[in-house]
Amino acid sequence: MLNKWEVEGLQTVGILLVVCSSLKLMHFLGLIDISMTDSVEDDFELSTVCHRPESMDKLQEQTKFTKKELQVLYRGFKNECPSGVVNEENFKNIYSQFFPQGDSSMYAHFLFEAFDTNKNGSVSFEDFVFGLSIILRGTINDRLNWAFNLYDLNKDGCITKEEMLDIMKSIYDMMGKYTYPTMQDDAPREHVESFFQKMDRNKDGVVTIDEFIESCKKDENIMQSMQLFDNVI
């Protein structure tokens with residue numbers, strides 16, 4: 001789907017990739033077809049796991065997943081991350097399989113930072129589930145807040161043009177020259193200039209969360225992308 005978009009639509013790629021890469025991650029972990037699972041264990045298998053997640057009931061209260069969904073999510077997570085946590089290097093290795101035509105390391109770094117809410121250099125099952133709960137089951141505002149956090153690299157509550165450019169460059173690197181062979185080196189900056197001007201409504205040089213959400217809600221492509229999550233699991 002991505003390589004069929006018109007060039008002028010690339011301003012929205014960063015937000016859309018939150019959707020697409022998350023779906024790819026769940027497919028990689030074998031989580032897309034949760035509704036087709038015939039049976040699951042009644043509780044977590046913890047005997048070989050170094051990091052033990054919160055109790056099933058507590059996670060169910062804190063997320064928007066059912067107990068059965070949490071069990072299957074955990075099984076898939078543990079299958080790829082036997083220790084119960086994933087570090088950034090392993091996270092990057094996973095993403096490199098999604099986008100072999102380019103270099104996904106920098107985008108994977110940014111996405112890892114968004115999942116690593118405790119800033120301890122690892123993503124636990126809890127971190128993973130909390131993020132997925134927002135992306136898959138949250139309101140539009142919840143999902144856009146999560147995307148805003150991805151763009152807000154220094155976590156100061158606003159997005160600068162340089163932060164947006166860093167994200168966009170990482171996307172171009174990930175998609176690779178073979179996907180967009182006609183792209184020039186200055187293409188990411190050109191698209192950021194255009195998209196940033198639309199978002200920075202008061203022209204103060206930064207994009208706030210309110211400006212971000214308002215602009216995204218007016219973008220038909222972004223709003224359509226949000227609907228990809230509705231019936232995933």
Residue tally, condition closer than 20 Å to residue 191 by Cα and basic (Lys, Arg), over the stretch 131-180: 3
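Matching residues to (1) under 17 Å from the mean Cα position of the chain (by Cα); (2) under 15 Å from residue 130 (Cβ atoms); (3) of a type in the set (S, T, N, Q):
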residue: 58; (1), (2), (3): no, yes, no
residue: 62; (1), (2), (3): no, yes, yes
residue: 70; (1), (2), (3): no, yes, no
residue: 76; (1), (2), (3): no, no, no
residue: 93; (1), (2), (3): yes, no, yes
residue: 99; (1), (2), (3): yes, no, no
residue: 107; (1), (2), (3): yes, no, no
Selection from the stretch 72-102 of residues that are touching a residue at least 60 places away in the same chain (Cβ under 8 Å), crowded, with 19+ Cβ neighbours inside 10 Å and outside any helix (DSSP H, G or I): 99, 102
Matching residues, the stretch 103-121, being open to solvent by less than 30 Å² (accessible area, probe 1.4 Å) and not acidic (Asp, Glu): 104, 107, 108, 110, 111, 112, 114, 115
Residue match in the stretch 122-129 (condition: outside any helix (DSSP H, G or I) and open to solvent by 60 Å² or more (accessible area, probe 1.4 Å)): no
Residue in the stretch 55-71 that is modelled with the lowest pLDDT, counting only those that are open to solvent by 70 Å² or more (accessible area, probe 1.4 Å) and not polar (S, T, N, Q): 57
Test: residue in the stretch 154-163 that is under 11 Å from the mean Cα position of the chain (by Cα) and free of Cβ contacts under 8 Å to residues at least 24 places away in the same chain: no
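The values are calculated or read from the model by the stated rules, or taken from the named source; none is laboratory data. This structure is a prediction, so every number in the text was calculated from the model and none was measured. With ideal geometry, Cβ positions are generated from the backbone for all residues, glycine too; neighbour counts draw on all protein chains shown. Side chains are part of the model used for accessible areas, which takes the heavy atoms of the whole protein and leaves out ligands, DNA and RNA. Shrake-Rupley method; radii C 1.70, N 1.55, O 1.52, S 1.80 Å.
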